[in-house]
């Protein structure tokens with residue numbers, strides 16, 4: 001038996017990057033995983049690519065297209081997972097976006113785009129997962145993706161920082177409310193991770209004059225990391241699988257930093 005063998009899990013934002021890595025690490029330990037993402041075609045291909053991986057470890061894989069800001073779509077994703085796997089044990093609220101803008105240039109459109117997906121999307125995901133877990137009984141685990149930006153503000157990603165501070169607050173609020181149902185709510189805060197999302201952020205930072213060349217922003221952030229390098233998604237998944245397992249049953253309301261020692265709080 002592995003740590004998450006037979007556990008039914010949903011991971012949002014799972015078509016690439018950290019979300020895909022979380023789902024694949026769960027599959028490696030025998031979990032039943034629904035890869036979910038707004039990009040329906042891409043997430044379907046990811047699930048298909050992982051079919052043999054799931055079979056080899058004794059798990060199962062499925063996928064769902066979902067806009068995490070749309071409650072009806074979130075409910076449909078959960079219903080699909082329950083119909084496929086029988087229940088829902090673990091819900092990763094990982095979907096997130098960023099769109100850098102210099103502080104004085106931030107618009108209402110930029111604010112709502114980021115806050116709706118990262119903040120509102122997290123809250124809806126928590127609520128609907130909890131409703132399913134309460135209805136089926138047996139408790140459950142809700143795990144939210146925060147960020148180093150949830151611990152300090154950065155000048156050209158202010159709405160993103162605010163949205164990830166919201167994730168921390170939602171994690172604490174959810175933990176307090178759901179403890180009576182034996183549902184734990186935790187989260188993790190990555191630092192600089194070499195993923196497709198960071199590649200886009202790198203381009204955006206150049207576009208607003210915050211960097212002069214590709215890779216500059218990542219290099220400057222990496223200089224602050226005690227481990228001396230940026231993270232790969234595989235650096236994150238040991239912690240995420242732990243949070244999905246029984247090993248973390250006595251943890252709730254906590255955010256674990258996984259940033260190579262960049263932010264010491």
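The values are calculated or read from the model by the stated rules, or taken from the named source; none is laboratory data. This structure is a prediction, so every number in the text was calculated from the model and none was measured. So basically every Cβ, Gly included, is an ideal-geometry build from the backbone, and we count neighbours across all protein chains shown.
Here are the numbers:
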| item | result |
| --- | --- |
| Selected residue [in contact with a helix residue (DSSP H, G or I) (Cβ under 9 Å, 6 or more places away or on another chain), buried (at least 24 other Cβ atoms within 10 Å of the Cβ) and either without any contact (Cβ under 8 Å) to a residue 24 or more places away in the chain or over 17 Å from residue 252 (Cβ atoms) (or both)] from 124, 114 | 114 |
| Complete set of residues in region 199-235 that are touching a residue at least 24 places away in the same chain (Cβ under 8 Å), touching a helix residue (DSSP H, G or I) at 6+ places or on another chain (Cβ under 7 Å) and under 20 Å from residue 263 (Cα atoms) | 218, 229, 230, 233, 234 |
| 2 or more residues closer than 26 Å to residue 175 by Cβ: qualifying helices (runs of 4 or more DSSP H) within region 1-119 | 17-28, 71-85, 108-115 |
| Hey, residue 218 closer than 14 Å to residue 94 by Cα and modelled with pLDDT under 95 or not | no |
| Residues within region 221-237 that are farther than 18 Å from residue 25 by Cα and loosely packed, with under 13 Cβ neighbours inside 10 Å, tallied | 4 |
| Condition broken by residue 40, with the remaining ones in (1) crowded, with 21+ Cβ neighbours inside 10 Å; (2) in contact with a strand residue (DSSP E or B) (Cβ under 7 Å, 6 or more places away or on another chain); (3) over 18 Å from residue 127 (Cα atoms) satisfied | (1) |
| Single unsatisfied condition, residue 239 versus (1) free of Cβ contacts under 8 Å to residues at least 40 places away in the same chain; (2) on the phi < 0 side of the Ramachandran plot; (3) out of contact with any helix residue (DSSP H, G or I) (no Cβ under 6 Å at 6 or more places or on another chain) | (1) |
| Unique match (being free of Cβ contacts under 8 Å to residues at least 60 places away in the same chain, under 28 Å from residue 207 (Cα atoms) and surrounded by 19 or more Cβ atoms within 10 Å (Cβ to Cβ)) among 61, 74, 68 | 68 |
| Which numbered condition residue 34 fails, given (1) within 25 Å of residue 2 (Cα to Cα); (2) out of contact with any strand residue (DSSP E or B) (no Cβ under 7 Å at 6 or more places or on another chain) | (2) |
| Count of region 149-177 residues which are touching a strand residue (DSSP E or B) at 6+ places or on another chain (Cβ under 6 Å) and surrounded by fewer than 23 Cβ atoms within 10 Å (Cβ to Cβ) | 2 |
| Some residue of region 181-195 being modelled with pLDDT of 85 or more, more than 19 Å from residue 240 (Cβ to Cβ) and surrounded by fewer than 20 Cβ atoms within 10 Å (Cβ to Cβ) | yes |
| Selection count where residues are on the phi < 0 side of the Ramachandran plot and touching a strand residue (DSSP E or B) at 6+ places or on another chain (Cβ under 8 Å), scope region 1-15 | 9 |
| Single residue of 262, 251 found to be in contact with a helix residue (DSSP H, G or I) (Cβ under 8 Å, 6 or more places away or on another chain) and either modelled with pLDDT under 90 or buried (at least 17 other Cβ atoms within 10 Å of the Cβ) (or both) | 262 |
| Of residues in region 137-152 being in contact with a helix residue (DSSP H, G or I) (Cβ under 8 Å, 6 or more places away or on another chain) and assigned to a helix (DSSP H, G or I), the one nearest to residue 184 (Cα to Cα) | 150 |
